[in-house]
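A short write-up of the structure that comes next.
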Amino acid sequence: MAGKFAGYLGPLHSGPSTDPGGMMNELTPPLKVLVAHPSADLYGSDRVLLETLNGLVRAGANVVVTMPSKGPLVTEIQSRGAAVILCPTPVLRKSLLSPKGLAKIPAAATHGLLRSIGVMRGVRPDVVLANTITVPVWTVAGRLCRVPVVTHVHESEASAPGAVRAALALPLVFSTAVLTNSRFSTETLERSLRILRGRSTVLNNGVPGPPSDRPPRASLTGGLRILYVGRLSRRKGVDVAVEALLQLLAQGIPAQLSIVGAAFPGNEVYEEGLHDKVRAAGVSRNVTFHGFQHDVWPFLAGSDVVVVPSRLDEPFGNTAVEAILASRPVVVSDTSGLREAADGYLSAQFVAPGNPTELAAALISVSKDWPRFRAAATADAARAASRHSPERFGALMACHVAQAAGRPV
């Protein structure tokens, strides 16, 4: 295979040769899965992909992952026994939804489709897993090569115009099976294209917990430690978190805000604006920009409360779940998939999207009633560990993929 693909990167170690779970046996060749993924980062859908790979490899499958470019995700994939093929194909970003961007799609899609068919012919997979709806050429390539396709939907553009939502959802018509990460994502797909009604299965994300137990502080000595983790963008509401911090400080409530994450390429102006806002307010000592971090658990361990202040709809809220798994209270926007992610947890609070005053009030509640929030967060962690078990998620994902390929499970 390495000779056929200039972008082929083998695994760091071989996957298992036997299948204790029953997907394969001595008389059945291992299931060969080609996973198409849009990026090589380590954010929400990227981390869920790793749990998918864990499940597939544990089930005895041979897995090859294709992505457009290198990044920190590559090493993580290889360490799980999967191979990587670098194959530049178009990814549906919001930048393509402009007139100039739309004009580029036909040529990019044609070239990408030819490349993807070439990879398909070389790998000869039993099934394709398109990990997000932003890589539609792989769905089309799979069907053209008569290979079943499973699409795992992580997105939910409920606020986009109807025509855009329909265009994003259209490739799912060609999928053998559709999996979504929340009821909200499923409902958005069904509103976008009526033909998709009843075709999706909700599969709760598998989210691993912290490597070690770091309980919340007994007292908030030195002030409240607030944490934001994620992309830096207006959509994610990072500026709302900064404004909420300013309101706390204005009321004489000591607090620190740690911001972990970076902007999308091309969105650096927003990140620069955050730095300018912090400097102009004279609170540089109260706000720390850590940039992108591969390992978020040390930052969660050093925090008291986590904020997820998204302005727009989110398909789910992995960051909120990670905070709960780390026994930290969360304050999330009362919208879309974030409601599902934080639903049923006593240490979670919901605030109006884009409202720094409500966010500040929720943070003040944590500060004033810390013993109650601390106890509730500790109890919530066990509940979240059961609800988002990575092992259960991986096993279910492997079953869905095998079923689409016509394999017994």
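The values are calculated or read from the model by the stated rules, or taken from the named source; none is laboratory data. Keep in mind that this is a model prediction, so the values were computed, not measured. Virtual Cβ from ideal backbone geometry, glycine too; neighbours counted across all protein chains shown.
Okay, residues lined up against (1) under 30 Å from Arg372 (Cα atoms); (2) β-branched (Val, Ile, Thr):
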residue	(1), (2)
Ile253	yes, yes
Gly261	yes, no
Val283	yes, yes
Gln293	no, no
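Name the single residue that is nearest to the chain's Cα centre (by Cα) among those in the stretch 352-369 being surrounded by fewer than 24 Cβ atoms within 10 Å (Cβ to Cβ) and within 18 Å of Ser303 (Cβ to Cβ).
That would be Ala362.
From the list Ala375, Ala398, Ala381, exactly one residue is surrounded by 15 or more Cβ atoms within 10 Å (Cβ to Cβ), of a type outside the set (S, T, N, Q) and not assigned by TED's automatic domain parsing to the domain that holds Phe174. Which is it?
Answer to the selection: Ala381.
List the residue pairs whose Cβ atoms are under 8 Å apart, where the first residue sits in the stretch 232-258 and is free of Cβ contacts under 8 Å to residues at least 40 places away in the same chain, the second is among the aliphatic types (A, V, I, L, M) and in a strand (DSSP E or B), and the two are 6 or more positions apart or on different chains.
Leu249/Ala255; Pro254/Leu224; Gln256/Leu224; Gln256/Ile226; Gln256/Val287; Leu257/Ile226; Leu257/Leu227; Leu257/Val287
Step by step: first the residues of the stretch 187-202, then only those that are among the β-branched types (Val, Ile, Thr) and not in a helix (DSSP H, G or I), then the one that is surrounded by the most Cβ atoms within 10 Å (Cβ to Cβ). Which residue is that?
It comes out as Val202.
Taking the condition of being modelled with pLDDT under 95, surrounded by fewer than 24 Cβ atoms within 10 Å (Cβ to Cβ) and polar (S, T, N, Q), how many residues in the stretch 310-351 meet it?
Within the stretch 310-351, residues that are modelled with pLDDT under 95, surrounded by fewer than 24 Cβ atoms within 10 Å (Cβ to Cβ) and polar (S, T, N, Q) number 1.
Please enumerate the residues belonging to the stretch 104-147 that are assigned to a loop (DSSP other than H, G, I, E, B), under 14 Å from Leu179 (Cα atoms) and not hydrophobic (A, V, I, L, M, F, W, C).
Listed by number, the list holds a single entry, Thr132.
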